[in-house]
Amino acid sequence: MALRPVKDLEITGRSTPHEIIRQMREMGGFTGRHLGEALDIMMAMVRDEGCTRFLSFPAAPVATGLRGVLRELVRRRLFHAIITTCGTVDHDLARSWRKYYEGSFHVDDRELERRGLHRIGNVFVKKEDYGPLVEEKMQRFLEEQYRRGVRSLSTAELWDMVGRELCGRDSILYWASVNKIPLITPAPLDGAAGHQLWMFWQRHKDFHLDLMRDQEVLSEMVLSAKRTGGLVIGGGVSKHHLLWWNQYHGGLDYAVYITTAVEYDGSLSGALTKEAVSWGKISPKGRHVTVHADATLVLPFLAAAFLHPE
């Protein structure tokens, strides 16, 4: 094992995020070094024209200002497919029409309930601006599609239509639709927007979701790819579905995890990139790193660094 000296960070008034994070690759210690490695991998992945790139994330970041960073990654077409949760659709829709508010982790939730507020960590949203609003918009939308003759949709097809017809330019779904990036929700009923599908089905039993068509999309992308890469934010079903499909490619060639979860409870959310190698979900020859950090803290700087390398 070759020894490399630890190098001090040198920051000037003209230092850019790219310059700082690249230096962090050689700072020796701790999570900062991993962030530097993540930038190297992201740069290689984005510059690799033969790489099919996947982005996965859970819903919670979409309730925060990190939505703007995710939207920019999608607007720039840096990824070829998105795998996420139904809650992402909920927040993206609700924020297209109404506002969320800065809140606090340290609050009496009984008081929030009395005032008609939901809490998402330290973000507040008015109850009428979430469930009831999503229900109203989605039911009207689904009825219109049904009148047009729509009887069967994959989640990628459904959210493409929602992004095109319901969302504004400030939304992730809108740019996914514009750029023809499939947005797939493996657990589509686990959220407000998805629940509306079940409620709609009570009136129209000939309408159904075809989840197998989503799997066809992923199968074609993975099996036809020369190389694959993934930016994995958080955990849960979004993370696992991305990894699951890439085992059929021989594993991801590039992988960056950003997570606050730990591996010691055996959960998939906390599993490190190296564990995925043992499953064939990341290639033994692949470049990979796990960054233990809050994505709302590090992703804006990481994105700025590889979007604006000069």
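Bear in mind that the values in this text are calculations on the coordinates, not laboratory data. Since this is a predicted model, take the numbers as computed values, not measurements. So basically every Cβ, Gly included, is an ideal-geometry build from the backbone, and we count neighbours across all protein chains shown.
From the alpha carbon centroid of the stretch 210-275 to that of the stretch 16-92 is 14 Å.
Take the Cα of residue 136, go 7 Å toward its beta carbon, and the backbone nitrogen atoms of the stretch 112-128 under 12 Å from that spot belong to 128. Applied to the stretch 128-141, the Karplus parametrisation 6.51 cos²θ - 1.76 cosθ + 1.60 on θ = phi - 60° returns per-residue 3J(HN,Hα) values of 5, 9, 10, x, x, 5, 4, 4, 4, 5, 5, 5, 5, 5 Hz, with x for Gly and Pro.
For the residue pairs 126/205; 7/281; 99/137; 180/239; 7/274, alpha carbon separations beyond 23 Å are given by 126/205; 7/281; 7/274. Three semi-axes describe the equivalent ellipsoid of the stretch 173-310; taken as square roots of 5 times the Cα gyration tensor eigenvalues and ordered largest first, they are 29, 19, 17 Å. Kindly identify the stretch 109-240 as rounded, prolate or oblate by the Cα gyration tensor criterion: order the square roots of the eigenvalues as a ≥ b ≥ c, call it rounded if a/c is under 1.5, otherwise compare a/b with b/c, prolate if a/b is larger, else oblate. Oblate, because a/c is 1.5 or more while a/b does not exceed b/c.
Each 20 Å bin from 0 upward holds the following percent of the Cα-Cα pairs of the chain: 31, 56, 12, 0. Computed extension gain for residue 294 through residue 224, at 0.36 nm per residue and net of the alpha carbon distance, reaches 21.9 nm. The relative contact order of the chain comes to 23 percent, based on Cα pairs under 8 Å that sit 6 or more residues apart. Peptides 81-90, 255-264 ranked from most to least packed, by the mean per-residue count of other Cβ atoms within 10 Å: 81-90, 255-264.
Using Cβ point charges alone (K and R +1, D and E -1), the dipole size of the stretch 194-291 about the Cα centre works out to roughly 220 debye.
For the stretch 22-97, what is one quarter of the convex hull surface built on the Cα atoms, given in nm²?
Projected area, direction-averaged: 6.1 nm².
Of the beta bridges in the stretch 211-306, as assigned by DSSP with both residues counted there, near 0 percent are antiparallel.
Beyond 14 Å, what share of the Cα-Cα pairs of the stretch 1-58 is found? Please give it as a whole percent.
When every Cα pair of the stretch 1-58 is considered, 64 percent fall beyond 14 Å.
Over the chain, DSSP H runs of length four or greater, each weighted -39,500 (n - 2.57), average out per residue to a 222 nm ellipticity of -14000 deg cm²/dmol.
A viscosity of 1.306 mPa s and a temperature of 10 °C, combined with the Kirkwood radius over C-alpha pairs in the Stokes-Einstein formula, give the stretch 255-306 a diffusion coefficient of 134 µm²/s. Our summary gives the stretch 33-123 a relative contact order of 28 percent, counting only alpha carbon pairs under 8 angstrom and 6 or more residues apart. For the stretch 195-276, what class follows from the C-alpha gyration tensor (a ≥ b ≥ c being the square roots of its eigenvalues): rounded when a/c is under 1.5, otherwise prolate if a/b is larger than b/c, else oblate? Oblate, since a/c reaches 1.5 and b/c is not below a/b. Helix 236-246 sits at what angle to the longest principal axis of the chain, using alpha carbons and giving 0 to 90 degrees rounded to 10? Computed tilt is about 70 degrees. For the residues 178, 150, 289, a GNM of the chain with alpha-carbon springs under 10 Å puts the largest fluctuation on 150.
Taken one residue at a time, the phi angles of the stretch 11-20 give Karplus couplings (6.51, -1.76, 1.60, θ = phi - 60°) of 10, 10, x, 9, 5, 9, x, 4, 4, 5 Hz. Gly and Pro are set to x.
Only four residue types carry charge here, +1 at the Cβ of Lys and Arg and -1 at the Cβ of Asp and Glu. Report the dipole size of the chain about the Cα centre in Debye, rounded to the nearest 20.
That gives the chain a dipole magnitude of about 480 debye.
Each principal axis of the Cα cloud of the stretch 12-164 was evaluated for its coordinate range; sorted largest first, these ranges are 56, 46, 25 Å.
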